[in-house]
Amino acid sequence: MSLPVVRAYTARFSGALTAVSLDRLREVAGLQARGRLDDDRSEEFGVRRLRDTPGTPVVLRLYREDERWSFVLTYQGDPPAAGEVAAVRDRVRAAVAAAGVVLDHEI
């Protein structure tokens, strides 16, 4: 039986992304690229595994859903340390700034 997936951090942002600014966003956030801007459906646009232990991963993902963008940090099992979440938050903020988009909301 697998452990539930829990959100540790979510950041929503807005603004027009170009292919170049999307690449910059993913680069600064340290994400492996997924998806393309011209894909006609919502999907995952990047992923970074912070802990890849089987059954207890910690993963940062970049999503687009109906033209809304968000970073989501999830975990299973033991939660990431507060310092690790703070480092992810700082990196996300830097990525958003580097891409020239606006951070709307963090939880």
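The values are calculated or read from the model by the stated rules, or taken from the named source; none is laboratory data. In this text the structure is predicted, and so the values were computed from the model without any measurement. Quick reminder, even Gly has a Cβ in these numbers, built from the backbone with ideal geometry, and neighbours come from all protein chains shown. Just so you know, the surface numbers come from the protein's heavy atoms only, side chains and all, with ligands and any DNA or RNA stripped out. Shrake-Rupley method; radii C 1.70, N 1.55, O 1.52, S 1.80 Å.
With the simple model of a label 7 Å out from the Cα in the direction of the Cβ, residue 40 to residue 82 spans 4.9 nm. Once backbone amide H atoms are built at 1.01 Å from N, residue 101 has no partners under 5 Å, excluding neighbours fewer than 5 places away on the same chain. Note on residue 47 and residue 20: their simple-model spin labels are 3.0 nm apart, each label 7 Å out from Cα toward Cβ. Projecting the Cα atoms of 32, 70, 80 onto the dipole axis of the chain, where Lys and Arg carry +1 and Asp and Glu carry -1 at the beta carbon, places 80 farthest toward the positive end.
Other residues with beta-carbon under 12 Å from the beta-carbon of residue 68 carry, at +1 per Lys or Arg and -1 per Asp or Glu, a net charge of -2. Taking the longest Cα principal axis of the chain as reference, the axis of helix 82-99 is set at about 10 degrees. By the Kirkwood approach, averaging reciprocal distances over each pair of separate Cα atoms, the chain gets a hydrodynamic radius of 14.0 Å.
Sequence-ordered 3J(HN,Hα) estimates for region 11-19 from the Karplus curve with 6.51, -1.76 and 1.60 and θ = phi - 60° stand at 10, 9, 9, 9, x, 7, 9, 9, 4 Hz, glycine and proline given as x. Between the alpha-carbon centres of region 18-54 and region 71-107 there is a gap of 14 Å. Each other residue within a Cβ distance under 12 Å of residue 28 adds +1 if Lys or Arg and -1 if Asp or Glu, for a net charge of +2. Per residue, the chain exposes 58 Å² of solvent-accessible protein surface, assessed with a 1.4 angstrom probe and all protein chains in place. Computed about the Cα centre, the dipole magnitude for the chain is approximately 240 debye when only Lys and Arg (+1) and Asp and Glu (-1) carry charge, each at its Cβ.
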